[in-house]
1. May I ask you to say which residue of A:89, A:93, A:64, A:75 is within 26 Å of residue A:202 (Cα to Cα), without any contact (Cβ under 8 Å) to a residue 40 or more places away in the chain and away from every other protein chain (no Cβ under 14 Å)?
2. Only one of B:84, B:53, B:97, B:38 is away from chain A (no Cβ under 14 Å) and either within 21 Å of the chain's Cα centre (by Cα) or within 20 Å of residue A:15 (Cβ to Cβ) (or both); which?
3. Residues that are in contact (Cβ under 8 Å) with a residue 40 or more places away in the chain and surrounded by 17 or more Cβ atoms within 10 Å (Cβ to Cβ): which helices (runs of 4 or more DSSP H) entirely in the stretch A:384-491 hold 3 or more of them?
4. Looking at residue A:358, is it in contact (Cβ under 8 Å) with a residue 24 or more places away in the chain and under 20 Å from the mean Cα position of the chain (by Cα)?
5. Identify all residues within the stretch A:28-54 that are surrounded by fewer than 20 Cβ atoms within 10 Å (Cβ to Cβ) and either more than 23 Å from residue A:489 (Cα to Cα) or within 13 Å of another protein chain (Cβ to nearest Cβ) (or both); write none if there are none.
6. Got a sec? Which of A:336, A:369, A:378 is out of contact with any helix residue (DSSP H, G or I) (no Cβ under 8 Å at 6 or more places or on another chain) and at pLDDT below 90?
7. If you scan the stretch A:267-283, which residues turn out to be part of a helix (DSSP H, G or I) and touching a helix residue (DSSP H, G or I) at 6+ places or on another chain (Cβ under 7 Å)?
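The values are calculated or read from the model by the stated rules, or taken from the named source; none is laboratory data. Remember, it's a predicted structure, so these values are computed and weren't measured experimentally. Neighbour counts are summed over all protein chains in view; Cβ atoms, including those assigned to glycine, are modelled from backbone coordinates with ideal geometry.
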């Protein structure tokens, strides 16, 4: 059973997504039980894969072969689709498992039956399967397919509230950007396939020599993935999407965005880690990262829609990750290792903090029916737990010690300073601005005299928020423990694990 | 649409359906497969929608949407069958029986159609999904924008 864990983590939510509608004909209770079983099994498989990847090294699973490890033919040519999970993939799988479980716990009492809960649950599982596929696959075309699976599921979830005017618009905007990004990735895959007759990432990584076509494919891949990630200047879909999607979907969308960052790491360090390991790519990514941070934070200052405000905060956090990835690609070792540690650790911190904020925004929208900061106020009297969770998430997002955002951001500042003090100063400035933004949002929403009645969120939603709050506090109090256990192997997989990755797939 | 279009559609639709079915069922041997054949069949749906109006096919969507799920589930379950070795392992190939006929030796032979194991079954599953999914999309899109969509 456990030997099949990588594919089960992808196939079971996929099967769950398709069977959920059938089960919902029987009864709603059975549908909920079924969704919970699928989620529990999927996250158990993701954890099992992570444990194997952390303890035994790179996990390879060849689909359709006589045995899971038989990834190449007798001549040494990788003919099958393979799943390859190294430390980084395992880490991303853990993030996906965390966000998926939280989203599912949250949505049972958040979505209403009459608005299409069946479809919402089904799409959520589909998105989850897509993300796990993106981070586990070792095949470039397969990666593109899962990228499209997440795109379709994400767009449908963003447009979930079809009866309002803005969600369909946000979904359309997102679909346009995702499709364009996916197309760029597809063209890059086509170029590489035409050049090398192979789609296996490890095999391509061995062959890529840095020809002009390779460089073109690298540019297209990075362009498509940065669009998917929502980096400036292709960020305009992200605030709409995060602001309008149902709250539980946004949490998984954040993980989806991070899967794009994962893919950038995979492309830069594994696929192109041999021939085109030039610091220029790192500087490009780092400068796009700092531009994302600054633009997003400045845009967050002027928002009055609480969801969009938090969404711009989420985009800015993505900029920090890009900055860290860029600095890591500039240095590759030394302070680059510190940067990657910060960036990769920031992924799970960001998923927890931003996810918590979005869940609170969803609870506020559910309780009051509006997220306009000018009409909100005094909600802290009625929504006590939500107010506390929002403050916790906001401070973690802004990087206030002892919460988890501080630990990872501090690593990013420190290493960026070694690469370029100006970038570090700008990143720090943006962080201060972000603190002002979230404090204003907290004050405008929860503080002040009681102006209206609001019913607190049901227990299921509070439990989901509580899980993320727990992650924020525990990761903030014991960052060393978690960095050593789960982040460091991921960083090593990026920096020095390329040979092991290639050897695991292609054999000795 | 005019009587010419409707008459021609009546003639062409069965032929196109047969061609789509051929592309699906023969997909493991010749170019094609579930997706391509399913798209051909869905184009028949488009033809019928254009010729006879979308309103007439509205009730079909209720049948097509569950079928799409069935097709998708069948595909994943067929892949699960191989789990004794690996996911997607072709367990039926070479096992005798209807789909597991032994692969003939190279050289002239009268042809062996059913050597591909689970592949034709997977093609059927994908074909079902694509027919149902694309067909429902075509019908729903052509209904879209009328009184209630």
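1. None of the others qualify; the one that does is A:75.
2. Numbers: B:84 fails: away from chain A (no Cβ under 14 Å); B:53 fails: either within 21 Å of the chain's Cα centre (by Cα) or within 20 Å of residue A:15 (Cβ to Cβ) (or both); B:97 fails: either within 21 Å of the chain's Cα centre (by Cα) or within 20 Å of residue A:15 (Cβ to Cβ) (or both).
Result: B:38 is the single residue among B:84, B:53, B:97, B:38 that is away from chain A (no Cβ under 14 Å) and either within 21 Å of the chain's Cα centre (by Cα) or within 20 Å of residue A:15 (Cβ to Cβ) (or both).
3. Values: elements: A:384-398, A:404-419, A:421-446, A:459-477, A:479-482.
Ranges flagged: A:384-398, A:404-419, A:421-446, A:459-477.
4. Yes.
5. Scanning the stretch A:28-54 gives A:28, A:29, A:30, A:32, A:33, A:34, A:36, A:37, A:40, A:41.
6. Working: A:336 fails: out of contact with any helix residue (DSSP H, G or I) (no Cβ under 8 Å at 6 or more places or on another chain); A:378 fails: out of contact with any helix residue (DSSP H, G or I) (no Cβ under 8 Å at 6 or more places or on another chain).
Every option except A:369 fails the conditions.
7. A:267, A:268, A:269, A:270, A:271, A:279, A:281, A:282, A:283 - these are the residues of the stretch A:267-283 that are part of a helix (DSSP H, G or I) and touching a helix residue (DSSP H, G or I) at 6+ places or on another chain (Cβ under 7 Å).
Let's see how each residue does on (1) within 22 Å of the chain's Cα centre (by Cα); (2) not in a helix (DSSP H, G or I):
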| site | (1), (2) |
| --- | --- |
| A:36 | yes, no |
| A:44 | yes, no |
| A:49 | yes, no |
| A:55 | no, no |
| A:67 | no, yes |
| A:71 | no, yes |
| A:76 | no, yes |
